[in-house]
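What follows is calculated from the coordinates using simple rules that are stated; it is not laboratory data. Being a predicted model, the structure only gives us computed values, none of them experimental. FYI the Cβ positions are ideal-geometry reconstructions off the backbone, even for glycines, and counts take in every protein chain you see.
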Amino acid sequence: MTIKLFFKYALPTRFLGHPFKISSRFICSDNNLDKLVDPQLKFPENNEYFPQQENKLKESSFSVQDLGFLQDSILGSSKTEPKTGKFPHNDAFLVINAIKNSNDGFGETTDKSLRQFRQKLNPVLVVDVLRNIHNLELGVKFFKWAGRQIGYVHNVSVYDALLDAIGCGVNNGLPEHFVHDIGKDDKEVLGKLLNVLIRKCCKNGLWYLALEELERLKDFGYKPSGATYNALVQVFLQVNRLETASLIYKEMSELNFKMDKLTINSFTRLLCKVGKWREALDLIDKEEFVPDTVIYTNMISGLCEGSFFEEAMNFLNLMRTISCIPNRVTYQVFLCALLNRRKLGRVKRVLNLMISEGCYPGQKIFNSLVHAYCRSGDYLYAYKLLKKMDGCGCQPGYVVYNILIGGICGNEELPSKDVLELAENVYSEMLTAGLVLNKVNVVNFARCLCACGKYEDAFSVIKEMMSKGFVPDASTYSKVIGFLCNASKVDKAFLLFQEMKRNGVVPDVYTYTILIDSFCKSGLIQQACNWFNEMIEKGCTPNVVTYTAIIHAYLKQRKISDANELFESMLMQGCIPNVVTFTALIDGYCKAGHIEKAFQIYARMKGSLDTPEVDLYFKVELDDGNKEPSVVTYGAMVDGLCKAHKVKEARNILDVMLVEGCEPNHIVYDALIDGFCKVGKLDDAQEIFAKMSECGYSPSVYTYSSLIDRLFKDKRLDLAVRVLSKMLESSCPPNVVIYTEMVDGLCKVGKIDEANKLMLMMEEKGCHPNVVTYTAMIDGFGKAGKVNKCLELIERMGNKGCAPNYITYSVAIKHCCAAGLLDEALQLLEEMKQISWPKHRASHLKVIEGFRREYLISLGLLEDMSNQNFLPIIPVYRVLIDSYQKAGRLEFAVELLKEISSSSPFPHLDKKIYSSLIECLSVSNKIDLAFELYADMIKKGAVPELTDFVNLVKGLISMNKWENALELSESLYYMLHASKSTTIQLL
C-alpha cells in the first residue's frame with residue numbers, strides 16, 4: 001500500500017454530530033426475524049445475526065442491474081450460481097479439447113474450432129472451461145476470445161473464475177503482465193475485472209490488498225462501482241476501522257453511489273457500538289433508507305455490544321413511537337447482550353416489557369435466563385422464570401429443571417435452608433412432570449440434603465430417579481454413599497449399598513473403601529472387615545487406602561496384633577504401603593497412647609533410627625516418596641505429642657520441618673497452639689501464633705478457641721477480649737464453641753450478667769446457643785444463687801428448640817436442691833425422665849460430647865460405665881435423696897431410692913445412700929421403713945455394714961421394741977461368730 005494511499009484512507013476522521021431527529025419516512029416493515037439470535041447467546045462481529053438478509057443482499061450487491069449486464073437476464077444466469085467446475089458441462093470438455101488439439105497457441109485453427117460453440121456460449125460454459133482447462137495462458141486467451149463474441153458478455157462469476165485461475169484475491173493481487181495483456185485487449189473488461197478483484201479481496205478480509213487494487217484501478221482511469229464501494233466499506237467495518245470506512249463512504253457519496261442494506265446494517269451497527277447512534281440515524285436519513293425492525297434490531301445489538309444499555313432501551317421506546325414494533329428477535333438480542341454482560345437488573349425490565357407486549361422468549365432464552373440468575377444467587381427469581389415458562393407457551397423441560405437444581409446445589413458452598421427447600425420444591429415439581437435429574441445433579445442434590453441432615457431424602461433420591469428411568473452407575477452410588485458416610489449415617493449408606501447390589505450395579509474398590517473407612521471411623525470394625533472379605537471374594541482387590549483404613553481403626557482401638565497381621569497380609573498381596581499408611585500408623589499409635597512407638601516409626605521414616613521394634617513396617621524397600629514424611633505425617637506426630645502434653649518434643653518437630661523445607665500447614669500450627677495452651681504455656685502459644693501469621697496462615701476458629709479457653713482458665717479476661725477483637729477484625733466470626741467457652745469462663749469468675757449478655761448477643765449475631773452453652777449459663781446462675789433464672793433458662797431452651805439433656809437437668813436439680821427448692825427439683829426430675837433419660841452407654845457418651853471432663857467430674861457425672869445397662873444418672877438421684885433426707889422428708893427420699901434401685905443394677909457405691917437413709921429413718925422412729933430398705937438391700941445382694949445393724953437396733957430400742965432389738969442383736973452375734981470361724985478356717 002503506497003504512502004499516499006495510507007494517508008488518504010487510514011487517517012482518522014469523525015462524523016459531524018447532529019441533533020437527534022426522526023425522519024417521517026421511518027416506517028415499520030413486517031420482517032421475519034425468527035432466526036436472528038445466535039443459539040450460543042454471544043454477539044459475533046459483523047452481521048452473523050442476519051444470515052438470511054446477508055445472503056439476499058450479497059446477491060443484489062452483485063446483480064446484473066448494478067453492473068449493467070442486461071444480457072444476463074436474457075440468458076437467465078443472473079440468478080443462477082455457476083457450477084463449481086467439479087462436474088463441468090459436456091460442452092466445456094469439447095471446448096477444452098478443441099483448444100488443446102488445435103495446438104497453435106489460440107491461433108486461427110483454434111478460432112475455427114471454437115466457432116461451433118459461439119451459439120452455446122454463456123457465462124456458465126465459460127466458467128467451466130476456465131476452471132478445468134488447467135493451463136493459465138490458454139485460459140486467459142479463451143477469456144479474451146469469449147469477450148469478443150457478439151451476444152455474449154462476461155458476468156461476475158466469469159471474472160471470479162478467471163481471478164481464481166490466476167490465483168488472485170486470496171494472497172496477492174493481479175500480476176502486472178496480466179493487467180497489461182487484458183487491458184490491451186479490452187480496457188473496459190480490465191476495469192470490470194479489477195472491480196471484481198477488489199470485491200474478492202474484501203470478501204476474503206484482505207482490506208490492505210483491496211486498497212492497493214483500488215489505487216491501481218484509479219491509476220488506470222477506471223471508477224469503482226457501487227458494489228465495490230459497498231464491499232470496501234464493509235471490509236473496513238469488519239475490522240473496526242470506522243474512520244477508513246467513513247472516508248470510503250464519503251468518496252462513494254460524492255460519486256452518487258448509495259449503500260445497500262447490508263452495508264447500512266454494518267455501518268449503523270458499528271456506529272452504535274462506539275456510541276455514535278445519532279450519526280447512525282443521520283446516515284439512514286441521508287441514504288434515504290426506510291428503516292425497519294431488522295435495522296433497529298441491528299443497531300440495538302451494536303449499542304449493547306458497546307455497553308450503551310440505556311441508549312438501547314431508548315431505541316426500544318423509539319421503535320414504538322414510530323410504530324415499528326420490536327419483535328421477539330429484537331428483545332432476544334437485547335436480553336442476550338444483557339446476559340453476556342451480567343446486567344441482570346436490566347434483564348428484568350426488558351423481560352417484563354417483552355412479555356407485556358405478548359412477545360415471549362423461546363426455551364433457550366428461558367434456560368439461559370434461569371442459568372444467569374442461578375449464577376448470581378437469585379434463585380427465587382430463577383424459579384419465577386421457570387414458572388413463567390408455562391404462561392409463555394414454553395413447557396419447562398429436563399434442561400431448565402437441571403439448571404435450577406444444579407445452580408442451587410452444584411456450588412462448593414452449601415445452600416441455605418430456605419434455598420435448599422426451594423430446590424426440594426423444584427425437585428418435587430420435576431418428579432410430577434416425569435423428568436429426572438442428570439447424574440451430576442443427583443450427586444449434588446444428595447450432598448446438600450445430607451449436609452442439612454435430610455438423610456432419608458438423600459437416600460430416596462436415587463430410588464425416585466430410578467422409578468423415572470434414571471440408571472445410576474457405580475460412581476453415582478459411590479458418591480452418595482460417601483456423603484451419607486461423611487454425615488455419620490452409615491446405616492443409610494449400608495442400605496443404599498444393598499440397593500446398589502440388588503440393582504445389579506457392581507461395587508468397585510472405591511465404593512467398598514468408602515464404606516470400610518466410614519464404618520472403621522464409627523468404630524464398627526467387624527462390619528468393615530466383613531466387607532473387606534466380601535470384596536476379596538468378589539474379585540475386587542483392596543488398595544492401599546482400604547488396608548490403611550482398617551489398620552488405622554485397629555490401632556485406635558488398641559488392637560495392635562490385628563493391625564500388624566493385616567499389615568503383613570497387605571505386603572503379601574503385593575500392596576506397597578505409602579506415606580499415607582505410615583501417617584495412619586503414627587496417628588493410630590498416638591491415639592492408642594503408644595507415643596513411643598509412633599515416634600519410632602517417624603524416626604525410621606526419617607532414617608534417624610534403626611530399631612527392630614518397627615521392622616515389620618519396613619520389610620519392603622520403599623522409594624523416597626513413600627517413606628519421606630509429608631506435612632500430614634508431621635501434623636499427626638505433632639498432634640499426638642501435644643495431646644500427650646509433650647509439647648517440647650512437638651516444638652522440635654516443627655523446627656525439623658522448617659529446616660527440611662516442609663512448610664507447616666495451619667493444622668500443625670493449631671495443634672501446637674492448642675498443646676501449649678493445654679499445659680498453660682501461653683507465651684509459647686503466642687509465639688507460635690505469631691509465627692503462623694508470619695507464614696501467611698490466617699488463624700482459624702480452632703486457633704482462637706484454644707487461646708480464649710486458656711485465657712479464661714488463667715482468668716486473663718482482658719487478653720481474652722483482645723483476642724476476640726482480633727478475631728472479629730480478621731473477619732473470623734466466633735462459633736458456638738468459642739461463645740460457650742466465653743460464657744463458661746465469665747460465669748466461673750462471677751461475671752454472670754456479662755455472660756448472659758454475651759449469650760443474648762450471640763443469638764443476635766445468628767449463632768444459636770447449644771445445650772452446652774445453656775448448661776454453662778444455668779450453672780453460672782445457680783452458683784450465683786439465682787436459681788429462678790436457672791428455671792427460666794430451661795423454659796427458654798424449650799421455646800428456642802434446644803432440648804435440655806440430662807446434664808442440664810442434673811445441674812439445675814443440684815442448684816435447686818442447694819437452694820431448698822425440692823419440689824422444683826423433683827419436677828425437673830420428672831421432665832428429665834420424659835425427655836432426656838439416657839438408656840444406654842452409647843447415648844450417654846453422645847450426651848456428654850461438648851462438656852469438659854473436669855466439669856463433669858465436678859458434677860459427679862462420670863461414673864464407672866463398664867455395664868452397658870448402667871444408667872449414668874445415679875448422681876442426680878443421690879443429690880435429691882440427700883436433699884430430701886436433710887429436709888426431713890424421708891418418705892420422698894425412700895421413694896426416690898426405690899425408683900432408681902428398681903431401674904438399674906445395684907451399684908456398690910450406693911450402699912451409702914441406703915445406710916444413710918436407714919440411720920435417718922431409725923432416728924426418726926420410722927423403723928418399719930428402715931427395715932424395708934434393709935430387706936431391699938439384702939435382696940439386691942449387698943452385704944450390710946455393722947453400722948446398719950447398730951442403727952436398726954437403736955431404732956428398735958427408741959421405740960421400746962426390746963424384744964426385736966435382742967433378736968436382731970443375737971442374729972448379729974451369730975453372723976459375726978460365723979464370719980470369724982470362716983476366717984480362721986481359711987487361715
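For residue 253 and residue 524, FRET efficiency with R0 = 56 Å and r from the beta-carbon atoms, rounded to 0.05? Don't skip to the end; give the middle numbers.
Working: r = 88 Å, r/R0 = 1.57.
Once rounded, the FRET efficiency stands at 0.05.
One decimal place: the segment residue 693-residue 652 gains 12.8 nm when fully extended, by the rule 0.36 nm per residue minus the C-alpha distance. Within 14 Å, Cβ to Cβ, of residue 720, how many net charges do the neighbouring residues add up to if Lys/Arg are +1 and Asp/Glu are -1? Neighbour charge sum, excluding residue 720 itself: +2.
Candidates 440, 403, 474 compared by Cα position along the dipole of the stretch 397-533: farthest toward the positive end lies 474, with charges placed on Cβ. Protection proxy ranking, highest mean first, for peptides 201-211, 581-591, 431-441, 479-489: 581-591, 479-489, 201-211, 431-441, where packing is the per-residue count of other beta-carbon atoms within 10 Å, averaged. Pairs exceeding a 25 Å alpha-carbon distance, out of 643/800; 765/800; 715/833: 643/800; 715/833. In straight-distance terms, cross-link reach from residue 912 covers every one of the aspartates and glutamates whose alpha-carbon lies under 15 Å from its own, apart from those fewer than eight places away in the same chain; here that gives 882, 936, 945, 948.
Restricting to Cα pairs below 8 Å that are 6+ residues apart, what does the relative contact order work out to for the stretch 112-253? Please round to a whole percent. All intermediate terms of the calculation are to be shown ahead of the outcome.
Details: 132 pairs, mean separation 23.4, N = 142.
Relative contact order, the stretch 112-253: 16 percent.
Taking 7 Å steps out from each Cα toward its Cβ at residue 644 and residue 356 produces label points 7.6 nm apart. Rounded to the nearest Å, what's the spacing between the alpha carbon centres of the stretch 94-134 and the stretch 192-262? Just the number, please. The stretch 94-134 and the stretch 192-262 have Cα centres spaced 34 Å from each other. Under a model in which nothing but the beta-carbon of Lys, Arg (+1) and Asp, Glu (-1) is charged, the stretch 408-507 shows a dipole of about 400 debye around its Cα centre. In straight-distance terms, cross-link reach from residue 681 covers every one of the aspartates and glutamates whose alpha-carbon lies under 20 Å from its own, apart from those fewer than eight places away in the same chain; here that gives 639, 649, 655, 670, 709, 714, 718, 741, 854.
Find how much the distance from residue 344 to residue 958 grows on full extension, using 0.36 nm per residue of separation minus their present alpha carbon separation; answer in nm with one decimal.
Details: separation 614, 0.36 × 614 = 221.04 nm, distance 9.34 nm.
Stretched out fully, the residue 344 to residue 958 stretch lengthens by 211.7 nm.
Relative contact order, whole percent, for the stretch 488-626 stands at 17, derived from Cα pairs under 8 Å and 6 or more residues apart.
Note on the stretch 328-469: with charges restricted to the Cβ of Lys and Arg (+1) and Asp and Glu (-1), its dipole about the Cα centre is near 660 debye. Annotation note: trypsin sites (Lys or Arg not before Pro) in the stretch 245-298 located in DSSP loop regions with a Cβ neighbour count of at most 12 within 10 Å are absent.
Report the gain in length on full extension from residue 148 to residue 967: 0.36 nm times residue separation, minus Cα-Cα distance, nm rounded to one decimal.
On the way: separation 819, 0.36 × 819 = 294.84 nm, distance 15.60 nm.
Length difference between fully extended and current span is 279.2 nm.
Past 19 Å, Cα to Cα: identify those pairs from 120/144; 343/387; 757/789; 489/521, in the order given.
343/387
A simple spin-label model places pseudo-atoms 7 Å from Cα toward Cβ; at residue 580 and residue 223 they are separated by 8.2 nm.
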